[in-house]
Ligand code: C5P
């Protein structure tokens, strides 16, 4: 099971537009919802069509607009019952007094009021009307009925109105409404991932990117690691329901949605933070960082001045972060990476044992088409002996897809251990 939290291409929104001047904002709303990847179908009441044409919404949504309850042509395609079932959310924006009254009374004399009764999907209404009509007792009574019936009412904003009045009744801006819809689905998907995801509730710590070892205040030793693989794994773990902390070396990547990021620079700092995370609680530790093997023995306090033809800098070995964590008494499930240029599988299998890992993913960085700065990767995963799973080949794919396959491999190994204990 995989969850993509950024795109909602599998979510269907019915945007119902009713009669009111705010209908012009609904055109932008369609654009924003489409930008987020939602499938949008527009339903218009007669009143709405007096303000804006169905053609506008057809062009913006990429779907024909639904206006009639019993139009033979529409019913032959997607009829009103199919439409009611198709929706994951019905958003009525703007919602007129008349529509709100119809919903409250349970009328079914046009397409929208019928949809309202026929759908199981959540219904949201964004009332927009003259401030006096908003304040009218009947309107407030009807809105209360809707709330009691489980409808989500998006409160109108105060301000100057098209009719010249000033007061409550303006529909929120389309960007705001689209964000509310996006956040609703984010939260819903997150709840599902936390309940059913492959790593539901697991606490995952991931090291990523290079480390930077200072020589003096302006110079350092580092490497070409971009951190892309570690960041992709962080996103995949989060999507699988895990709580993810990313210990990132200096990289220029955006933090994946939902992931807690802690920036570190040197190997020593990365180790310190890893130990700290272990104390806070960690079920799975994934070491993707390209940690510098050596650091400068004595970092110069001041900038080293240009002098003779040679400059000798003495280096000392850095601690092995993943091996150190693996030696702890309460150790998490340990995942390492190996980037090799030759004897790839042999070296990786050796590191699995030497570093006491549960799993190691290795790739051949001598191949120009994968690894380091590339967006593609191919890997072979080895498991420690007790898992009796030996190895698994991950075919060349995007780093996102490889990350997803790694999550599955971690899940399978954890699951296997449970089964065989
Ligand atoms: O020994 P080598 O650097 O090839 O091992 C790679 C694996 O060990 C990676 O998972 C890397 O993140 C981890 N590592 C580490 N600390 C080091 C060196 C490597 O955690 N000092």
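The values are calculated or read from the model by the stated rules, or taken from the named source; none is laboratory data. If you're wondering where the values come from, they're calculated on a predicted model, not measured in any experiment. Heads up, the Cβs are rebuilt from the backbone with ideal geometry, glycines too, and the neighbour counts pull from every protein chain shown.
Restricting segment 266-289 to residues that are under 13 Å from residue 204 (Cα atoms) and in a loop (DSSP other than H, G, I, E, B) leaves a set whose member that is nearest to the ligand (Cβ to nearest atom) is 288.
Scanning segment 257-265 finds no residues that are within 14 Å of the ligand (Cβ to nearest atom) and assigned to a strand (DSSP E or B).
Go through 292, 297 for me and flag whichever is within 11 Å of the ligand (Cβ to nearest atom), assigned by TED's automatic domain parsing to the domain that holds residue 205 and at negative phi. After ruling out the rest, the residue left standing is 292. Does segment 22-38 hold any residues that are touching a strand residue (DSSP E or B) at 6+ places or on another chain (Cβ under 8 Å) and surrounded by fewer than 21 Cβ atoms within 10 Å (Cβ to Cβ), and which are they? The answer is 34, and nothing else.
Does residue 247 qualify as being within 12 Å of the ligand (Cβ to nearest atom), assigned by TED's automatic domain parsing to the domain that holds residue 358 and closer than 28 Å to residue 183 by Cα? Taking the combined requirement at face value, the residue satisfies it. Are any of the residues in segment 347-359 modelled with pLDDT under 90 and either assigned to a loop (DSSP other than H, G, I, E, B) or more than 13 Å from the ligand (Cβ to nearest atom) (or both)? No, that holds for no residue.
Out of curiosity, is residue 220 in the same structural domain as residue 402 (by TED's automatic domain parsing), within 14 Å of the ligand (Cβ to nearest atom) and at pLDDT 95 or above? For residue 220, the condition - in the same structural domain as residue 402 (by TED's automatic domain parsing), within 14 Å of the ligand (Cβ to nearest atom) and at pLDDT 95 or above - is not met. If the condition is being buried (at least 18 other Cβ atoms within 10 Å of the Cβ), modelled with pLDDT of 90 or more and not in a helix (DSSP H, G or I), then segment 325-346 contributes 332, 333, 334, 335, 336, 337, 338.
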